[in-house]
Amino acid sequence: MNMFLWIFREVFSFKNKALGRIISLALGMSIGLVLFSYNSYQLTYDDFQKQGDRIFRVGLLGRMNGEDYESAYTFAPLADALKQDFPEVEAATCVRVDWQKEMFRYEGNEFREVTLYADTAFFSFFSCSLVMGDQAALMDKNNIFISERIAKKVFGTEAAIGKRVWSEGKEWIVAGIFADLPENTHLFYEVVKSLDALNKYKGWDGGTSYYCYVRLTDPAAADKIEGHSRQFLGKYIHWELELELHLQPLKKLYLLYSGENVVERMVLLSVLALVMLLVSGLNYVLLSISSIGRRTKLIGIHKVNGAAGKDLFRMFMAETGILLTMAFVLSVVIILLFRTWTEQELGISLADLLTWQNLWVALLILGAMFFFSGFFPARLLASMSFMQIEHRMTEGARRWKIFLLGGQFMMVAFLLVLLWIVVGQTGILLNQDPGYDIERLYFTRVLDNQDVSPAFRLKEELDKLPFVEGVAVAESLPADGLSGIRVKNKTTDEEVVSARWLIVDEEFFEVMHIPVNGEKSIWKSGTGIVVNEKLLKLLHKEENPEDYIFAGELGYLPVDGICRDFQLGSLYNEQLPLLVSRIQRDEYYGSLNVIFRLTVVTPENIMAVKKVLTNTVSKQSAELLNYVDYMQGNYSSIFQLRRWVLGMAGVVLVIIVLGLIGYTSDEVNRKAKEIAIRKVNGAKTREVMELLLLKLGWIAMGGIPWGLAGAYWVGCQVLEGFVIKYSMDWWIFAGTVLFILVIMVVVVYICAYKVAAANPVKALQAE
């Protein structure tokens, strides 16, 4: 009982130091808990799928354009062919996902959700249980299945089965309801339609825009299928292709094959979390050791009264436990205060993130912080002899302070340089010329019902507005991930080239400000195509580009024009070969983009455009989108990283300032007599300050280079995926060092100037 009374008295008697330790620990634990829980959440993707260890997604491996590539997209008939040819395939299914989110309407209620097109085997293949309805209803291409969440949101307590909703300019009948999917699945959807609702690119010669999944009788059979894949594909594909199948395990899909650098991001977030925990822990130990000078008399009294080292050790460990508990409570408060921001940034609700399954994360962090933050200072304090206590501080303690402060300098240098790199890279993404003009460019997506008339009707109406410079229609946007098409010269002995495929109307190049053959108008024939310079180079047709080329199911087509290379997708991608064909009025595309450029952007003009959208596309809610904002969505992960690093750099600066204040205050108090003697002997206040700064500067220079080196290595990993990279010049590192030194000077001035400028006689009399 006496021990605990002593602990509480000690904690609150030195409230300033205790508060600093509690704040630093709370900041580190709150960020560490969120980030490590987020990574734990990532590792549980698709765990809800039964028999998931036997489910594989079938991707394509090949060599195109002189380079190896891997694609998750495959051919529509692949699932049925695999089930037919390989007895090891227990079940197979084929799906296509509309990631752009489709708009549905029901009696004034609207919902925009990801739509999945599936065959009749889908619901029995995956662990997506039907709450109501029969999976056989997927045979009807007019039916849709919706999730429980959508059913409650749109229909409330009404029976959803049999209800009719509008989308794509037609009515769809709700034929079934399936259980809500967890957020951590690689294949998330809220609406399911029949695969038969799609009318194009279903053959082996069509585009590769489908996902194929197989469930094997034995996971080991995946090697057999991959080994026989060339012979298997040769039965169905009559192209001269170096293609193989690659079976991707379901449990690894999100981590390894999502295309979002998930593993790299998890590693980076783990590094950032560890940095935060280390900084806060180091600061706790530093402040604990810095408080020894004020507590020596009390510790000495305990020693004189017979307290053994183990008794003091238990007391200090108990003190750490109390402070750690208070810090943990404060960290929970911090997390709750920033709940909305955290959920927006991570795209996960706090309830899903901080689950009982992730309790081990909190316990591990608490245990590590307890050991790291409590053991070393407790051991140091408990092991001091009476004589050592009388001399206020041992050499070992001072060495520990130097080491800990150097570690903090290392961490802050690491985060500041990393922040600089990330900000610089995002600046490149924002300012990079994509090869076409994005100023004043807008678009909207129009869903069509078996024809393209809604999109072209909207184009005609927008073209009537006096402030609209031009309007075009395109199936996809250059910023999208375009589907692929295989291209070769007319002669059959030429190498096959994999190109991206863009389908547009006649005004596309003019609206986008992309010259073709140096001209604005380019279409010479009704069936001709436009290719970029990259594709011509791969086809070795620079000298005779007017020849015919063979392009997949499009057949032999004349080359009507050559456009300059422009960016496809994001700057994560290298320059890709491109084939551009014309929209056919009798084709069904599912959705089309109406792209237009304004002569001037004003609130009045935007409202007029929205009015045209509402009046023209009456059966759906056409959303007006800014092209610049849409492009930036391709870089959401790097922008998110910038925000996180910026926030953590700010937190680390707060923590290190607390540590500097504690260290400097302790050094000034400990050297008060020495400072007084120097001043009596003629030293000026400036010289005393320089002496303190010089010692602190040597400590900083011992830690900062390690932080700079670590930041350089991590920065290289962050920039690895970009085609155009930010240059890590020497001035980034020099500026970081200068910034840290400025902070150090300010803190020392605030903490030490009063003592350094004081009358030395008073300091000597106090001794």
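Numbers at a glance
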| read-out | value |
| --- | --- |
| Burial ordering of Thr355, Thr426, Thr74, Thr614, fewest other beta-carbon atoms within 10 Å first | Thr614, Thr355, Thr426, Thr74 |
| Highest-first arrangement of 151-164, 31-44, where packing means the average Cβ count within 10 Å | 31-44, 151-164 |
| Burial ordering of Met701, Met315, fewest other beta-carbon atoms within 10 Å first | Met701, Met315 |
| Among the listed pairs Lys83/Lys488; Lys101/Lys193; Lys101/Lys459; Lys50/Lys251; Lys83/Lys224; Lys141/Lys163, those beyond 20 Å (Cα-Cα) | Lys83/Lys488; Lys101/Lys459 |
| Sorted peptide list for 649-661, 177-189, criterion being average Cβ within 10 angstrom, highest first | 649-661, 177-189 |
| For His246, residues with placed amide H under 5 Å, excluding near neighbours | Gly59, Leu60, Leu61 |
| Diffusion constant of the range 76-236 at 4 °C, which comes from Stokes-Einstein with the Kirkwood Cα-pair radius and 1.567 mPa s, µm²/s | 77 µm²/s |
| Rounded Å value of the spacing that divides the Cα centres of the range 209-224 and the range 76-139 | 17 Å |
| Long-range amide H partners of Thr115 with built H, under 5 Å | Asp98, Lys101, Glu102 |
| Relative packing of peptides 403-411, 433-441, 244-252 - highest average C-beta neighbours within 10 Å first | 403-411, 244-252, 433-441 |
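Every number in this text was worked out from the coordinates using simple rules, so none of it is lab data. Because the structure is predicted, anything quoted here is derived from the model rather than measured. Every residue, glycine as well, gets a Cβ built from its backbone with ideal geometry; the counts of neighbours run over all protein chains shown.
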